[in-house]
Amino acid sequence: MPTPADVTATFCATFVDELVRAGVRDAVVCPGFRSTPMALALVADGRVRVHVHTDERSAAFLALGIAIERGVPAPVLTTSGTAAVELHPAMVEAHHAKVPMLALTADRPAELHGVGAPQTIDQSHLFGASVRAFHDPGVPDDAGRETWRRTAARVVADTIGPPAGPVQCNLAFREPLVGTAAPLPPGRDLGAPWIGHGAPADADPDTVAALADAAAGRRGVVVAGGGIEHPDGVLDLAEVLGWPVLADPRSGCRRPGEHLIAHADGLLRHARFAGHVAPDVVLRCGELPASRVVGEWLAAQGAAWQVGIEADGATLDPWGSLASVIAAEPGALCAAVARALEAADGDVRAPQAWAACWAQADAECAQVLVRALGRDPDLAEVAVARAVVGAVPAGGRLVVSSSMPIRDVEWCSAPRRGLRVLANRGANGIDGVVSTAIGAALAGDGAPTAALVGDVALLHDSTALIGAPGRGIDLVVVVVDNDGGG
């Protein structure tokens, strides 16, 4: 008969094995007593890279950065009490940004709740509506061993979605906390996860045909935001149609090319130009653009047919201007529409003057910007953003803080290839940015990483630097020290 401590150890080892089968390769562990059984199981497995962090708030954002890059959660483990509460900001960001995230919150058993036991709070549904699901398997019991794998698999499946997002799994452990794992309950053959995940469906032919028909020969624009898995497809469609692309830095579409409009924010501030380029059709791909000016211009295009293409079919429309929302990976759908248009009879491109008007204005704006940066010292902040974007080595990534840094990158950076831009634009907070960058660097297989943050953002996340030099990452943090923008 196994001891209770051995049952707990076996449960934790089974749980970790199922996480690995589902694709988990990293975990973030915050030191604490009550979480000991799961921490030992993560370390003992050998297939999981364990990253130790002493500050739970920063640890959660570090896990977020790993998950952004890997597409699967990097579980973050805490002890009981307020340690678990510290995960909340990152869970909120993961919720709004649709990032798979898993909070493993260790807890006291039921008999220690409500009796004044130390470090004991009500952790049930701790993160409220900010999680996709809440799981509480209870204190491990050998009688329930046949459910352990299913529980772990459901936890991971809920983080991956769709839609992806954060999940809390509350783990009550009873002392003694250290035992020896027995043989694990059998899993699926060939190391498969208990619950598999199907591949995304191909673009619906009727949807492709309808979009192709609506776009052919019309004056249109593509607005590309974050969350585009295949940006080449978006650019291919713009090329076929002869449409300008208004690309957010996170879209993957901000590359040199005749259709990229790199200075849309500046151009659309000019009322006469903004009125002159009213489109017939707007394809809004992925998440909302960071630029408020672009958003206000979209809101003013009441005569245009505006369609949003978002992987989960979410209605991202604070301006109330969308006529239709399509649930599809934007790049894949755009690529399918491009192929359909290429096979169509006749000319499907917009009038040549349409693209030429945008391109000429963008080129003139670029020249004005270069001249201004060369003579006005008050533009030092935007000059820093432009320099950082240009300096990150090819194949690297840039993590940009919300508030002014992401806008400086959008307004003033030159288009380039070979750069992945990340930003926490789910809740648009400035906390956790350095930790997110560290997490992205840890997941990035050695690719160089830079972070562009303001001084207040660094202050909010200064504990991210604890242990950072020993993590073996290629990371440069650039801080704009401007007294909080004041």
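The values are calculated or read from the model by the stated rules, or taken from the named source; none is laboratory data. Being a predicted model, the structure only gives us computed values, none of them experimental. Virtual Cβ from ideal backbone geometry, glycine too; neighbours counted across all protein chains shown.
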- Message: If I filter segment 133-146 for residues that are without any contact (Cβ under 8 Å) to a residue 24 or more places away in the chain and either out of contact with any strand residue (DSSP E or B) (no Cβ under 7 Å at 6 or more places or on another chain) or charged (D, E, K, R) (or both), do I get at least one hit?
- Response: yes
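Just to be sure, is Ala356 within 30 Å of Asp408 (Cα to Cα), surrounded by fewer than 15 Cβ atoms within 10 Å (Cβ to Cβ) and hydrophobic (A, V, I, L, M, F, W, C)?
Details: within 30 Å of Asp408 (Cα to Cα): yes; surrounded by fewer than 15 Cβ atoms within 10 Å (Cβ to Cβ): yes; hydrophobic (A, V, I, L, M, F, W, C): yes.
Against the criterion (within 30 Å of Asp408 (Cα to Cα), surrounded by fewer than 15 Cβ atoms within 10 Å (Cβ to Cβ) and hydrophobic (A, V, I, L, M, F, W, C)), Ala356 qualifies.
Table: residues versus (1) closer than 30 Å to Asp312 by Cα; (2) in contact with a Gly (Cβ under 9 Å, 6 or more places away or on another chain); (3) assigned to a loop (DSSP other than H, G, I, E, B).
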{"site": "Met1", "(1), (2), (3)": "no, no, yes"}
{"site": "Ala5", "(1), (2), (3)": "no, yes, no"}
{"site": "Leu19", "(1), (2), (3)": "yes, no, no"}
{"site": "Ala41", "(1), (2), (3)": "no, no, no"}
{"site": "Val72", "(1), (2), (3)": "yes, yes, yes"}
{"site": "Val92", "(1), (2), (3)": "yes, yes, no"}
- Item | Filter result for the condition that a residue is part of a loop (DSSP other than H, G, I, E, B), of a type in the set (Lys, Arg) and under 30 Å from Gly32 (Cα atoms), over Arg154, Arg174 | Arg174
- Task: Kindly list, by first and then second residue, each pair from a residue in segment 307-325 that is in the same structural domain as Leu288 (by TED's automatic domain parsing) to a residue that is among the acidic types (Asp, Glu) and not in a loop (DSSP other than H, G, I, E, B), limited to pairs with Cβ atoms under 8 Å and residues at least 6 apart or on different chains.
- Result: Leu316/Glu310; Trp319/Glu296; Val325/Glu310
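Of these, Ala212, Ala153, Ala224, which one is of a type in the set (Gly, Ala, Ser), in contact with a helix residue (DSSP H, G or I) (Cβ under 6 Å, 6 or more places away or on another chain) and assigned by TED's automatic domain parsing to the domain that holds Val99? Outline the logic, then answer.
Numbers: Ala212 fails: assigned by TED's automatic domain parsing to the domain that holds Val99; Ala224 fails: assigned by TED's automatic domain parsing to the domain that holds Val99.
That would be Ala153, the only listed residue that is of a type in the set (Gly, Ala, Ser), in contact with a helix residue (DSSP H, G or I) (Cβ under 6 Å, 6 or more places away or on another chain) and assigned by TED's automatic domain parsing to the domain that holds Val99.
Check Glu229, Glu239 and return the single one that is touching a helix residue (DSSP H, G or I) at 6+ places or on another chain (Cβ under 9 Å), of a type in the set (Asp, Glu) and modelled with pLDDT under 95.
Numbers: Glu239 fails: modelled with pLDDT under 95.
Just one listed residue meets the conditions, Glu229.
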- Message: Given the condition of a type in the set (Gly, Ala, Ser), surrounded by fewer than 17 Cβ atoms within 10 Å (Cβ to Cβ) and over 21 Å from Gly390 (Cβ atoms), answer yes or no: does some residue in segment 252-271 qualify?
- Response: yes
- Item | Condition check for Cys357: in contact with a His (Cβ under 6 Å, 6 or more places away or on another chain), touching a residue at least 24 places away in the same chain (Cβ under 8 Å) and of a type in the set (A, V, I, L, M, F, W, C) | no
- Working carefully through the options Thr147, Thr120, find the one that is assigned by TED's automatic domain parsing to the domain that holds Thr36 and farther than 30 Å from Gly432 by Cβ. Thr147
- Pick out the one residue from Val234, Val293, Val325, Val281 that is farther than 23 Å from Cys365 by Cα and surrounded by fewer than 21 Cβ atoms within 10 Å (Cβ to Cβ). Val325
- Query: Here are Gly23, Gly32: which of them is assigned to a loop (DSSP other than H, G, I, E, B), out of contact with any strand residue (DSSP E or B) (no Cβ under 7 Å at 6 or more places or on another chain) and surrounded by fewer than 24 Cβ atoms within 10 Å (Cβ to Cβ)?
  - Reply: Gly23
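Considering only segment 161-206, state which residues are of a type in the set (Val, Ile, Thr) and at pLDDT below 95. Full working, then the answer.
Of all residues in segment 161-206, those of a type in the set (Val, Ile, Thr) come to 167, 178, 180, 195.
Ile195, the sole residue that qualifies.
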- Task: Just need a number here: residues in segment 242-293 that are of a type outside the set (Asp, Glu) and in a helix (DSSP H, G or I).
- Result: 14
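Restrict the check to segment 346-364 and report whether at least one residue is in contact with an Asp or Glu (Cβ under 7 Å, 6 or more places away or on another chain), modelled with pLDDT of 95 or more and on the phi < 0 side of the Ramachandran plot.
First pass over segment 346-364, keeping only residues in contact with an Asp or Glu (Cβ under 7 Å, 6 or more places away or on another chain): 359.
Keeping just the survivors that are modelled with pLDDT of 95 or more gives 359.
Now restrict to residues that are on the phi < 0 side of the Ramachandran plot: 359.
Checked segment 346-364: at least one residue is in contact with an Asp or Glu (Cβ under 7 Å, 6 or more places away or on another chain), modelled with pLDDT of 95 or more and on the phi < 0 side of the Ramachandran plot.
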- Item | segment 105-149, residues that are closer than 21 Å to Pro31 by Cβ, among the aliphatic types (A, V, I, L, M) and part of a loop (DSSP other than H, G, I, E, B) | Ala117, Ile121, Leu126
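Surrounded by fewer than 19 Cβ atoms within 10 Å (Cβ to Cβ), in contact (Cβ under 8 Å) with a residue 24 or more places away in the chain and either closer than 25 Å to Thr180 by Cα or touching a Ser or Thr at 6+ places or on another chain (Cβ under 8 Å) (or both): which single residue out of Asp17, Asp6 fits that description?
Values: Asp17 fails: surrounded by fewer than 19 Cβ atoms within 10 Å (Cβ to Cβ).
Asp6 is the lone residue from the list that is surrounded by fewer than 19 Cβ atoms within 10 Å (Cβ to Cβ), in contact (Cβ under 8 Å) with a residue 24 or more places away in the chain and either closer than 25 Å to Thr180 by Cα or touching a Ser or Thr at 6+ places or on another chain (Cβ under 8 Å) (or both).
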- Note on the structure: How many residues of segment 333-378 are under 32 Å from the mean Cα position of the chain (by Cα) and small (Gly, Ala, Ser)? The answer is 8
